[in-house]
Amino acid sequence: MVSNVAVLLAAYNGEKWIEQQITTILNQQGVDLHLYISLDLSADSTLNIINELSQQYPQITVLPYGQRFGSAAPNFYHLLLNVPIENYDYIALSDQDDIWLEDKLKRAINVLEAEKAFGYSSNVFAFWSNGKKKLIKKAYPQYKYDYLFEAPGPGCTFVIKKELATDIKYFFGCKRDILIELGYHDWLIYAFARSREYKWVIDNCALIEYRQHNNNQLGVNNGLKAFISRTRKALEGEVIEQVVKTICFLNIENEEFIKKWYKSNKIEYLKLAYFSKELRRKGKDRILFFCFCIISFLKEIHKK
């Protein structure tokens, strides 16, 4: 039996690459898919491109245009809440500028079924306009609470079974007024799934070419520049702010493990450092996370 897949594509000023991305989606083998596109208010010809393609291909639906989302996360939330995902076996997320290998979706579905999992993500091949290409590995062993502090890979690799997707849609819909405060949709989806004990698998296979350019909202966290940027955001409190918001949004403040280091919208960094090995998947990231917790603890002491 051929699986029925809804692909949710969030777009913004994507005229340079979106047609190629859509072509690679429509060329997926071994699945029956429908592509839903939500376009953030744009200043280029993306709307004309996707409208023309939707006239050519009946499996494309463009959501009503004119809303300003401001970033990818609220656009994806809009898709999740307004697409009839309950009519599909699987839900996949897509950026506007990547290249999907033709068996990307079929591979994801096969892995989900083999592993009896509900959520899927994977490694990717990052590529640049100068021809550079690099495997970005995300398939490190999962730890019990890693979902509190990181996503399982780029959201464009996500494939989610209907049971999890409809649960997400209902929960997010009940909290749509504060959903907009959560700026990382991939991280939030993963956190919801893991906190509700849905099994998630991170595939070692890479079937997406993940385009890197100046307009990437996030892009590959790779190299010295990216490390400095992540460190700055962490030390300025942006990451911890998202952690606090995620914990509150998911109503998991009273989980026994979280209560050990989370007190009334405040993180107790010294206690968090003790548990750092359970909160990141990659060995180097666990060491850096421990250092971040110690530095943050010392900063708190200095304030006092």
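We did not get these values from a lab; they are worked out from the coordinates using the rules stated. Please read all numbers here as calculations on a predicted model, not as lab measurements. Don't worry about glycine lacking a Cβ; one is built from the backbone with ideal geometry, like all the others, and counts go over all protein chains shown.
Looking at region 108-170, the pairs of alpha carbons with a distance over 13 Å make up 71% of the total.
Put a plus charge on the Cβ of each Lys and Arg, a minus charge on the Cβ of each Asp and Glu, and nothing anywhere else: the dipole of the chain about its Cα centre is then about 1540 debye. For the residue pairs K175/K245; K144/K199; K259/K303, the alpha carbons lie more than 20 Å apart in K259/K303. Each peptide in 151-160, 46-55 gets a packing score, the mean of other Cβ atoms within 10 Å over its residues, and the list from highest to lowest is 151-160, 46-55. Orientation-averaged projection of region 32-130 equals 8.1 nm² [convex hull of Cα atoms, one quarter of hull surface area]. Working from Cα pairs under 8 Å separated by at least six residues, relative contact order for region 81-186 is 39 percent. Judged by the mean number of other Cβ atoms found within 10 Å, the most tightly packed of the peptides 172-185, 31-44 leads the ranking 31-44, 172-185. A simple spin-label model places pseudo-atoms 7 Å from Cα toward Cβ; at I294 and K259 they are separated by 3.0 nm.
By the Cα gyration tensor, region 148-220 has an equivalent ellipsoid whose semi-axes, rounded to whole angstrom, run 22, 17, 11 from largest to smallest. The relative contact order of the chain comes to 19 percent, based on Cα pairs under 8 Å that sit 6 or more residues apart.
Our summary of shape: the Cα atoms of region 98-224 have principal axis extents of 45, 35, 26 Å, ordered from largest down, in whole angstrom. Of the Cα atoms belonging to region 240-296, the radius of gyration and Dmax stand at 11.2, 30 Å.
Just list whichever of K263/K299; K104/K169; K134/K271 have alpha carbons separated by over 29 Å in the model shown. Over 29 Å Cα-Cα: K134/K271. Taken over the chain, the convex hull of the Cα atoms encloses 137 Å³ per residue. Sorted on the mean count of surrounding Cβ atoms within 10 Å across their residues, most packed first, peptides 18-29, 95-106 read 95-106, 18-29. Between N251, G155, I25, the Cα set farthest toward the positive side of the dipole of the chain (charges on each charged residue's Cβ, about the Cα centre) is that of N251.
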